[in-house]
Amino acid sequence: MLVNDLKMHFPVTKGLLRRQIGSVKAVDGVSFAVKRGKTLGIVGESGSGKSTIGNCLLSRLPITGGDIMFEGVNMRNIPAGSMRKMRKTLQMITQDPFASLDPRFTIRKCISEGIEIHNTISGKQAIDEKVSEMLNTVGLRPEFADRFPHEFSGGQRQRISIARALALQPSFIVCDEVVSALDVSIQAQIVSLLMKLQQEIGLTYVFIGHDLSVVRFISHEVAVMYLGKIMEITSSDELYDHPLHPYTQALISAAPIPNPDVDRARERILLKGEIPSPMNPPKGCNFCTRCPHADNRCREEEPVFADVGNHHFVACHKVTGR
């Protein structure tokens, strides 16, 4: 998947006539590529636009501008009928499986609903066999199929959500904070399951999260977002070992390290102030109001998102020298 200058602005209206008085720039001109069979991690503070990007990639929102190319098709201009057919290959796993699973449906119905809608398999016996296969794939017993979502733990419900997404044999999955509501031990199980499925089936993931250690573990490349823009993007190891953007450095310095001695000895970068409103972002660099290195140029001129070598892209005047 190739994303070019993606924008998602939500109108802000006022009064009985719903007159537009502004717009929330949730995503404001981001570009990146997701390689087939690989995982792109997206990290950043709450409100940075991570989940909005995920919804845009699946055409769940009518984007304001830019292009999203998937398998040679520009999804911005795709007709509704063609988009319906393409949805089989584009799936999402959400943060809260209890909210995404209909409590009135059995697990069998939850998993088979998409199969029946898209008519990928015909016949009750064949559908039941597919449901059993999907439950086996995610490590659940097939006899669980006739139970309801409330009878399962959070980790089991997330496995059911994964089974439901896999039932249509997708090639691209957006994982939106899929482990943030789970215990640490269960997080490891779900992440290991996703990686195992990727190796066996060749799935492509966009993994959205705020836990830097989890994102590093599962991702091949990582993009750091701030206020609707990507500040830095490169390979996972390169980003965590050699962060270049001041915001990335601050994020990584705030993440705990398992070794207490190393954790106490390292330098902390504390950012002052709050993230600005996406309705009224700063004039120059989006990060200039909190950056400890910002100067007049940063406050007036938006930095170019440029490659500084080794496929390491950064949007910072002081890093790129542009």
Legend entry - Residues that are within 12 Å of residue 161 (Cβ to Cβ) and either in contact with a Phe, Trp or Tyr (Cβ under 7 Å, 6 or more places away or on another chain) or aliphatic (A, V, I, L, M) (or both), drawn from segment 97-113: 99, 101, 107, 111
Inset, instruction - Return the total of residues in segment 139-166 being buried (at least 24 other Cβ atoms within 10 Å of the Cβ) and either touching a Ser or Thr at 6+ places or on another chain (Cβ under 7 Å) or outside any helix (DSSP H, G or I) (or both). - result: 1
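Select from segment 96-151 the residues that are in contact with a Cys (Cβ under 8 Å, 6 or more places away or on another chain) and among the hydroxyl-bearing types (Ser, Thr, Tyr) and list them in ascending order.
Result: no residue meets the conditions.
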Inset, instruction - State all residues of segment 103-138 that are outside any helix (DSSP H, G or I) and exposed (fewer than 12 other Cβ atoms within 10 Å of the Cβ); if no residue qualifies, say none. - result: 103, 104, 119, 122, 123
Inset, instruction - Looking at (1) at pLDDT below 95; (2) touching a strand residue (DSSP E or B) at 6+ places or on another chain (Cβ under 9 Å), find the lone condition where residue 249 falls short. - result: (2)
Legend entry - Leading residue by the ranking (farthest from residue 229 (Cα to Cα)) among those in segment 65-86 that are among the hydrophobic types (A, V, I, L, M, F, W, C) and touching a residue at least 40 places away in the same chain (Cβ under 8 Å): 70
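The values are calculated or read from the model by the stated rules, or taken from the named source; none is laboratory data. In this text the structure is predicted, and so the values were computed from the model without any measurement. Glycine also receives a Cβ, built like all others from the backbone with ideal geometry; neighbour counts cover every protein chain displayed.
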